[in-house]
Amino acid sequence: MPKIIFAISSQVIAGEVGLNAIRPALQALAYEIFACPTVLMASHPGAYPQADPPAKHSINGQEMRQLAQWLDDAGTACSAIISGYMPSLDHVIATADIVQAMRRKNPNLVYLCDPVCGDRGKLYIERETAEAIRDILLPLADIATPNLFELNWLSGQRSTTDDQIKNAARLLPTPHIVVTSSPANKGYIATLRLSDQGVSRCQTKLEPLHIHGMGDTFAALYLGLHLNGEENALGIATATMAKLATKATPQGRLPSAPIILAASAEETFI
C-alpha cells in the first residue's frame, strides 16, 4: 500500500494550523498528503488579532466528495484518512461518506478522527456539528485524539484525574483513544493513550503560551508513527510536540521550519 494519506481539515493562508500543520508532520514521516479543505480562512481566528480577517469560504460536502472521487478515478489508493476541523453537519456527513467509500476499496484503511470542537471550557463549533462528530465520525474511527475538554464534552463526563479520563474514554465508540492536555504535575502536561495495548501516559514540560496548531500537528504525527509500526509512537509524538512548543512565536504560532522528530519521552503504563 502506498504511503498516501487523505487529510480533511481547514486550510489557512497564514499560520500552521489545520492542513498547514498536518502536512509537514506527515511529510516528516515520508507520507504523501492529499489535502481536502473543509473551509478556506485567512488564519486561525486568534493568530493575527491585529487584523480583521476576510470572510471565510466553506468547501461544501459535495465538493469534498468530488475531490475524493477524483482520487479514486485517478487510481490513487490511500492507506489512511485523518480528519480535523468540521464547520458544519454537511462536512461531517461528507467525511463519513468518504471514509466508507475508501474503506470499500481498502478494508485495511486506518481512520484517525481528531474531534476538533472546543477547548478552554467551551465549544467553538455549532452543537449540532459537535454531536455529529460524536455520533457519526467517532464510531467510524480507528483512532481519536480529543483534548481533555473534547473528551469530557463528547463523553458527557467531568474528568480531572487519570482514572476519570480512562473511564470517560471508554464511553466513546472508538477503540484507540489518545487524550491530549491531560492533568499532570505542576509545570507539566500529560497525554494518555487507551488502546488494546493497555493504558499508558507521557508527561512533558508545559509551555505557558496557548499555541495554535498543536492538536493538528500531534494527531498527524501520532497517526504517521502508528502507521509505521513505531512502538514508541506516543513518546516520540509528545516529545516532538514539546520541542516544537519551545520554538513557538510570542503570538502562539508554531514554527514553519521542517519538523525533526525528537527522542521518545518516557511512557508509563498505568
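The numbers here are math on the coordinates, done by the rules we state, and not lab data. The shown structure was predicted, so the numbers you read here are calculated from the model rather than taken from an experiment. Counting neighbours? That spans all protein chains shown, and the Cβs are built from the backbone with ideal geometry, glycine included.
Looking at the stretch 1-150 alone, DSSP beta bridges between its own residues are antiparallel in about 20 percent of cases.
Could you rank the peptides 249-260, 223-234, 12-23, 86-97 by their average count of other C-beta atoms within 10 Å per residue, with the highest value first? Write out the running numbers ahead of the final one.
Numbers: 249-260: 14.2, 223-234: 18.8, 12-23: 24.2, 86-97: 21.2.
Highest-to-lowest ranking by the protection proxy: 12-23, 86-97, 223-234, 249-260.
Straight-line reach only, C-alpha to C-alpha below 23 angstrom: list the lysines that residue 105 could link to, leaving out same-chain residues fewer than 8 apart. Within the straight-line cut-off, residue 105 pairs with 3. Relative contact order for the chain: 17 percent, from Cα pairs under 8 Å spaced at least 6 residues apart, divided by residue count.
How would you classify the stretch 26-169 from its alpha-carbon gyration tensor, with a ≥ b ≥ c the square roots of the eigenvalues: rounded for a/c under 1.5, else prolate if a/b is greater than b/c, otherwise oblate? Walk me through the numbers before you get to the answer.
Numbers: a/c = 1.79, a/b = 1.20, b/c = 1.49.
Oblate shape, in that a/c is at least 1.5 and b/c is the bigger or equal ratio.
With a simple spin-label model that places each label point 7 Å from the Cα along the Cα-to-Cβ direction, the separation between residue 246 and residue 77 comes to 4.2 nm. A Cβ-based charge dipole, computed about the Cα centre of the stretch 102-214 with Lys and Arg at +1 and Asp and Glu at -1, lands at about 180 debye.
Among all the lysines, which ones have a C-alpha under 26 Å from residue 122's C-alpha, if same-chain residues fewer than 8 places away are not counted? Qualifying lysines at Cα under 26 Å: 56, 166, 186, 205. Across the options 57, 240, 21, the greatest Cα extent toward the positive end of the charge dipole of the chain (unit charges at beta carbon of Lys, Arg, Asp, Glu) belongs to 240.
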